[in-house]
Amino acid sequence: MEDPAIPASPGAVLAWLLVVCGALLTGLLGAAHRLGLLYRLRHQVDRDSPRHGGESVAAVLRAHGVRFLFTLVGGHVSPVLVACEKRGLRVVDVRHEATAVFAADAVARLSGTVGVAVVTAGPGLTNTVTAVKNAQMAQSPVLLLGGAASTLLQDRGALQAIDHLSLFRPLCKFCVSVRRVRDIVPTLRAAMADAQSGTPGPVFVELPIDVLYPYFMVRREMVPAKPPKGLMGRALSWYLENHLDDLFAGAWEPRPEGPLPVDIPKASAQQVQCCVEVLSRAKKPLLVLGSQALLPPTPADKLRAAVETLGVPCFLGGMARGLLGANHPLHIRQNRSAALKKADVVLLAGMVCDFRLSYGRALSRSSKVLIVNRDRREMLLNADMFWKPHTAVQGDVGLFLLELVSRLRGLAWAPDWAEELREADRQKEQAFREKAAQPVSRHLNPVRVLQLVEETLPADSVLVVDGGDFVGTAAHLLRPRGPLRWLDPGAFGTLGVGAGFALGAKLCRPEAEVWCLFGDGAFGYSLIEFDTFVRHKVPVLAVIGNDAGWTQISREQVPSLGSNVACGLAFSDYHKAAEGLGARGLLLSREREDRVAEVLREAQRLAQDGRPVVVNVLIGRTDFRDGSISV
């Protein structure tokens, strides 16, 4: 006999199963709704609050001593900009996102804090890639905050939605997307600590749009006003409501906002003592200081005192330029390769054996090489091929030098060693004077122009350099007046840093004259930012060496390959273009050769009156840098 409790037909069986599944799903949704309600009650979802995630960002930045925020505005990040302005941070909007990161990089280098840039999603972030890579190679602690599509719409074709994290993971020490409002504060604190710990570098925090805007605005965009009908409609409404509540649960609970401890690697006592013993026996020691020496926590004045106490002739590179002032007897400026070959002990303090030291081949195999660096991989770069360290110390350079000096007593270098190096300097500088006096076929002699710039620079000046041939010449002729007063791209050799670096430098050092030396090729990247300088009342002084070409490339390309293709520019009226943006423009050409110093002083007066100035200097070509490499 057929059991009447079991439907016989397939259709009836299917209908019965659907009813049972529907009942189970309804029960599960109800249980989940009750669990979500308990969760929301416990974490206090305040649906009526007008507060937004941008306020949390601003609170953390303010608690970390951040004073400047560089940005190019976009709807994804507007809450951050508005909240920072209300908190008293100066929001400086620029004309290209790369400039925002370059400016943040300059602030990081000059202030000892984290520089911050905020840009919108998609192309806003991709425009920063070169500047972030430059910060990574220069070891600058920069925080990049980027907007993003809402957490629900990522990977669904939303406006400007791309995989930002995959793009920035190779460039940044710390790379995180914030998924809930309550995570903003702890994520930013961790990012800023990581930026400064170990080997400093850039960090990236992605802020999706729905963690930045207020609850009522996010709900209006996320949850339909009229929920769809039916079982799937109820399921979708439940999911959206709970996702929204999870985004904002506990959003405004009090949390610590201040800095987390920063991890600074330190040399061991045994490593320091080993270096003491080697240096104490040296007769011709040489110190080469790089940018890492100027990292916190060692103040520049204490580092300078340590170098003077050590008494070792030294070369200064990167941010260490100017550490000893303009004319210190220990500072050797020229003939570094020859000096390295003669030294019996070389201390590389924050310097790397990359192309700048010919991958280590610039060092003599008979020298004992001591090297200290925060980054172990960089410290041992090319050590398996062209050079070998006697002692390699992973630790902070400044702290190492302070400890080294405290242990060294009664040193006796060869008495004529420093004088031998200084005499080589004097001979090289005499050759520069002779180059400056030589006539050029047209326009002005760039060596003479730069000598007059050197004579005009005041004691408080900050030098920013952005270019190839003209800037390469300037590096030999200009003397930074003090520590942290020279800004160049670093090992990446990036063109286009000038405007951003000058902007960050002038904001950090408002009392100083900020001189930016451009090649005419490099100036093309920065010209539009004179609009930024005018709008924000940032009176920088730019000097363009205008030789109508990419001369550093042409200098090799023409003799080796027989063509000047793509190397030619024009003697453009850059000073007039700057005037069109509201700056002051001055022209220097052969017709005003006897007035170069006078025009430079006029530019100083204009900058002191609060106006950004461009001095367009038409220059000829010399053989000053013949033989210099561009690759």
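Readers should treat all values here as calculations from the given coordinates under stated rules, not as data from a laboratory. Source: prediction; values computed, not measured. When we count neighbours, we look across all protein chains shown, and the Cβ atoms used for this are built from the backbone with ideal geometry, even at glycine.
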Would you give the gap between the C-alpha center of region 54-78 and the C-alpha center of region 126-195, rounded to a whole Å?
-> 14
Evaluate the charge dipole of the chain about its Cα centre and quote only its size in Debye, nearest 20, assuming +1 on the Cβ of each Lys and Arg and -1 on the Cβ of each Asp and Glu.
-> 880
Here FRET efficiency (C-beta to C-beta, Arg426 to His536, R₀ 56 Å, nearest 0.05) is 0.80
Listing Glu529, Glu454 from the residue with the fewest other Cβ atoms within 10 Å to the one with the most, what is the order?
-> Glu454, Glu529
Per-residue [θ]222 nm for the chain (sum of -39500 (n - 2.57) over DSSP H runs n ≥ 4, rounded to 500) | -13000 deg cm²/dmol
Could you go through region 395-401 in sequence order and give the Karplus-derived ³J(HN,Hα) for each residue, using 6.51 cos²θ - 1.76 cosθ + 1.60 with θ = phi - 60°, rounded to whole Hz, and x for Gly and Pro?
-> x, 5, 5, x, 5, 4, 5
Mind pulling the angle between the C-alpha long axis of helix 498-508 and the longest principal axis of the chain? Nearest 10 degrees, somewhere in 0 to 90.
-> 90
Given H placed 1.01 Å from N in the peptide plane, which residues other than close sequence neighbours of Leu72 have an amide H under 5 Å from its amide H?
-> Val94, Val118, Thr120
Report ³J(HN,Hα) in whole Hz for each residue of region 523-532, in order, from the Karplus equation J = 6.51 cos²θ - 1.76 cosθ + 1.60 where θ = phi - 60°; Gly and Pro get x.
-> 4, x, 6, 9, 3, 5, 6, 5, 4, 4
Between the residues Ser589, Val453, Val471, the Cα farthest towards the positive end of the dipole of region 438-618, that dipole coming from +1 and -1 charges on the beta-carbon of Lys, Arg, Asp and Glu, is from Val453
Which of the listed residues, Gly157, Thr130, Ser140, is farthest toward the dipole's positive end in region 72-158, when Lys, Arg count +1 and Asp, Glu count -1 at the beta-carbon?
-> Ser140
Past 32 Å, Cα to Cα, is the threshold; run Lys133/Lys506; Lys133/Lys342; Lys368/Lys428; Lys388/Lys506; Lys173/Lys302 against it and keep the listed order.
-> Lys133/Lys342; Lys388/Lys506
Enter the per residue convex hull volume of the chain, computed from alpha-carbon coordinates, in Å³ rounded to the nearest integer.
-> 223
When only Cα pairs under 8 Å and 6 or more residues apart are kept, what is the percent relative contact order across region 438-618?
-> 24
What is the helix-to-structure angle for 53-63, meaning the angle in degrees between its Cα long axis and the longest Cα principal axis of the chain, kept from 0 to 90 and rounded to the nearest 10?
-> 40
Computed E for Arg281/Val440 - FRET, C-beta separation, R0 45 angstrom, nearest 0.05 = 0.35
Compute the relative contact order of region 53-219 as a whole-number percentage, counting only Cα pairs closer than 8 Å that sit 6 or more residues apart in sequence.
-> 25
Under a point spin-label approximation (7 Å from Cα along Cα-to-Cβ), what is the Asp354-Ser268 distance to one decimal in nm?
-> 2.9
Fully extended, how many nm does the chain gain between Phe492 and Ala414 (0.36 nm per residue separation, minus their Cα-Cα distance)?
-> 24.4 nm
Of the peptides 217-229, 388-400, 84-96, how do they stack up when ordered by the mean number of other Cβ atoms within 10 Å, highest first?
-> 388-400, 84-96, 217-229
List every residue whose amide H lies under 5 Å from the amide H of Leu517, counting only residues 5 or more places away in sequence or on a different chain, with H placed 1.01 Å from N in the peptide plane.
-> Val464, Val465, Asp466, Val543
Which whole-number percent is the relative contact order of the chain (Cα, under 8 Å, 6+ apart)?
-> 12
Gain upon complete extension [Ala338, Glu85; 0.36 nm per residue less C-alpha separation] = 85.8 nm
Acute angle (nearest 10 degrees) that the helix 97-111 long axis makes with the longest principal axis of the chain, alpha-carbon atoms | 60
For a footprinting-style exposure proxy, rank Trp550, Trp515, Trp413 by other Cβ within 10 Å, fewest first.
-> Trp413, Trp550, Trp515
Residue-wise HN-Hα coupling along region 359-370, computed from phi with Karplus coefficients 6.51, -1.76, 1.60 (Hz; x: Gly, Pro) = 6, x, 6, 5, 8, 7, 5, 8, 7, 8, 9, 9
May I ask which residue of Ile264, Cys84, His390 lies farthest towards the positive end of the charge dipole of the chain, with charges of +1 (Lys, Arg) and -1 (Asp, Glu) on Cβ and the Cα centre as origin?
-> His390
Quick one: if you stick a label point 7 Å off each Cα along the C-beta vector at Arg234 and Asp46, how many nm between them?
-> 3.4
